[in-house]
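Scroll down for the structure; my scribbles are underneath it.
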Amino acid sequence: MAKQPTATGSFPMPQGYEAFVYRAYCQCGDLLYVGLTNDLTLRLAGHHRDRSPWLTKAIRIDWEVYPTRADAARAERRQIRTLHPLFNTQDAVPRPPKTTPLPWPRAFTEAELDQRAIATYRGVSYLEWLWSDFDARSAA
């Protein structure tokens, strides 16, 4: 049985500050989650206990400290709305699409699959066939 990780150590709150805003990132650098707490160690242990889905993907957690919880709450909301973390749902706004949808890939009909097989057999590459088909459809 694998040993369960536990929260060890602590993140001391600097004098004159009341709250942390933390951000969790995955290996590719995408922002997974933004949160607010007054005890970062206990909050991360709580995410682990609750089996938060983003926690298993997180490899880096950054944090900032704020003088009041109200300042931290405003910063958290602003970051959620502007940075679009993947796992935050509260205070989230629709995430803009990363790319413009392209007409490909799309589902092929049986006739098109047969045509692709014939084109491959004749030595025409799949991409040449695909683009010639796309050009023919665009001209029509």
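For this structure, a couple of remarks:
- Top-ranked residue in the stretch 15-32 [being small (G, A, S) and in contact with a strand residue (DSSP E or B) (Cβ under 7 Å, 6 or more places away or on another chain); ranked as nearest to L86 (Cα to Cα)]: A24
- Just one residue in the set A24, A73 is aliphatic (A, V, I, L, M), at pLDDT 90 or above and part of a helix (DSSP H, G or I); that residue is A73.
- Single match in P67, P53 (criterion: surrounded by fewer than 15 Cβ atoms within 10 Å (Cβ to Cβ) and touching a residue at least 40 places away in the same chain (Cβ under 8 Å)): P67
- Taking residues in the stretch 33-49 that are of a type in the set (D, E, K, R), and partners anywhere that are not in a loop (DSSP other than H, G, I, E, B), the pairs with Cβ atoms closer than 7 Å and at least 6 places apart or on different chains are R43/G35; R43/T37.
The values are calculated or read from the model by the stated rules, or taken from the named source; none is laboratory data. Worth saying up front: this structure is predicted, and the values here are computed from it rather than measured. Cβ sites come from the backbone with ideal geometry, for glycine too, and all protein chains shown count toward neighbours.
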